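> First the structure, then my questions, so here it is.
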Amino acid sequence: MVRKWVAGRHRQIRLVAFCAAMVLAVPIVASAPLPPPEASGTPVALLVDLGSGQVLYAREPDKRFLPASMTKVMTAYVAFEEMRRGSLRRDRQIEVRPETAAEWNGKGTSMYLEAGEQVSVDNLLHGIMTASANDASMVLAQGYAGSVKGWTFLMNDSARKLRMTNSHFGTPNGWPDGGHTYVSASDLVRLASAMIRTFPAEYARYSGHKSFKWHDRMLYSHDPATGVVEGADGIKTGFTREAGYNFLGSAQRNGRRLVMVVGGARSEAQRAEASRALLEWGFAEWSARPLFAKGRKIASARIQGGERNAVGLVSPYPVYATAPRGENPQVRLRVVYKGPVPAPIAKGQTIAELEIRVGDLPAGRVPLMAATAVPRGGAMDRLFNGFMNLFS
């Protein structure tokens, strides 16, 4: 029986009837395939299938470590958020401050920005995501927020909203700052997932490019997967002597999207070998079993104080279970949310998660969103729906 758990109520009720067919009466035991040996040498490694939320491989996923230039993914994410709000335009020109040019021109990876130069946000983001330009990150941060402190406030606020509980940002570019900037692999996957799913056009525009020409210079990416692993399209490398060689990467094949993290590799070669091996292993040794098509109603959530006492739950992308290739274990589903959910609710608002458990493997979770808006109800609506919730 497929069931859902309503957090805070300590009771279980049946999920919508069509979900029951997804529980397959076959052996429950599932054996995870042996991971690639190349992944065993890095202190931190993580591979997640976004369509099921399942962790396919993990070593120290919640350990805090230094991200180096992977920090710039959060800088890009904040810029995307501000563009969506209408507060930042892609064609906005930002002037390079003399003190910024003096400190950051040519420092580490760089666009070699000069004092007084006008640079568009679009070019800064290309420089940040492709060339990993330290000076571009500082120019964007100062030009928009007025100061590095103002920009890192936005970074940490976004991290809090994404529930990145083992991360903190003290710099826009990941330059060593005495350990004030740190992340975990699990948090980086949250960030990557949010960027890919919330800002697909921006992700495609700025991630997964091997080079970027600025003035008369050709600036190159150190991404070890794009152009080598089929379907790879980013996201960001990082390196300092303190951090080692890091990579937050992703690849998509036949509708499946994998995200991986390698942290603290000893060399550029080890980072490349581990990253490529994890992605190839994830596609070769695991298969996707479709559960729900994009936009299909999966369940309902109870609403408090709304015009209606329930709202349909959907996923804006296909949902599947990830199983070891060649095996057919039982799939169990559970909808998790804290309810009843107070109105008003916006269409597309994330209000629940679908837990996907394949055999005895660790469960994954994918977010579920409201299929329609639910305005706050009038006095009679609230009274009637409150009464109905007592008996549902």
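Each reported figure results from applying straightforward, stated rules to the coordinates on display, with no laboratory input. Computed from a predicted model, the values in this text were never measured in an experiment. For neighbour counting, all protein chains shown are included, and Cβ atoms are generated from backbone atoms with ideal geometry for every residue, glycine included.
> Just to confirm the filter: which trypsin sites (Lys or Arg not before Pro) across segment 149-214 are DSSP coil and have at most 12 other Cβ within 10 angstrom of their Cβ?
R163, K210
> Another question about this same structure. Whose amide H sits under 5 Å from the amide H of R296, counting only residues 5 or more places off or on another chain, with H placed in the peptide plane?
Close amide H contacts, sequence-distant or interchain: S315.
> Can you give the % of DSSP beta bridges in the chain that are antiparallel, to the nearest 5?
The antiparallel proportion sits near 95 percent.
> Under the rule of at least 5 residues apart or a separate chain, name every residue whose amide H is placed under 5 Å from the amide H of Y57.
Amide H to amide H, under 5 Å and 5 or more residues apart or across chains, Y57 pairs with L47.
> What list of ³J(HN,Hα) values in whole Hz, one per residue of segment 317-327 in order, does the Karplus curve 6.51 cos²θ - 1.76 cosθ + 1.60 (θ = phi - 60°) give from phi, with Gly and Pro shown as x?
Using θ = phi - 60°, the values come out as 9, x, 10, 9, 9, 9, 10, x, 4, x, 10 Hz.
> If you don't mind, another one. Sum up the charges of everything whose Cβ sits under 11 Å from the Cβ of T372, counting Lys and Arg as +1 and Asp and Glu as -1, but leave T372 out.
Summing Lys and Arg as +1 and Asp and Glu as -1 gives +2.
> From the Cα gyration tensor of segment 99-231, with a ≥ b ≥ c the square roots of its eigenvalues, which class applies: rounded if a/c is under 1.5, or else prolate if a/b is larger than b/c, or else oblate?
Verdict is oblate for segment 99-231.
> Kindly write out, for segment 181-198 in residue order, the coupling ³J(HN,Hα) from the Karplus curve 6.51 cos²θ - 1.76 cosθ + 1.60 (θ = phi - 60°), rounded to whole Hz, with x marking Gly and Pro.
Going residue by residue, I get 9, 8, 9, 10, 5, 4, 5, 5, 5, 4, 5, 4, 4, 5, 5, 5, 8, 7 Hz, with x marking Gly and Pro.
> Next question, about the same structure. In deg cm²/dmol, rounded to 500, what helix-only [θ] at 222 nm does the chain give when every DSSP H run of at least 4 residues adds -39500 (n - 2.57) and the total is split over its residues?
-8500 deg cm²/dmol
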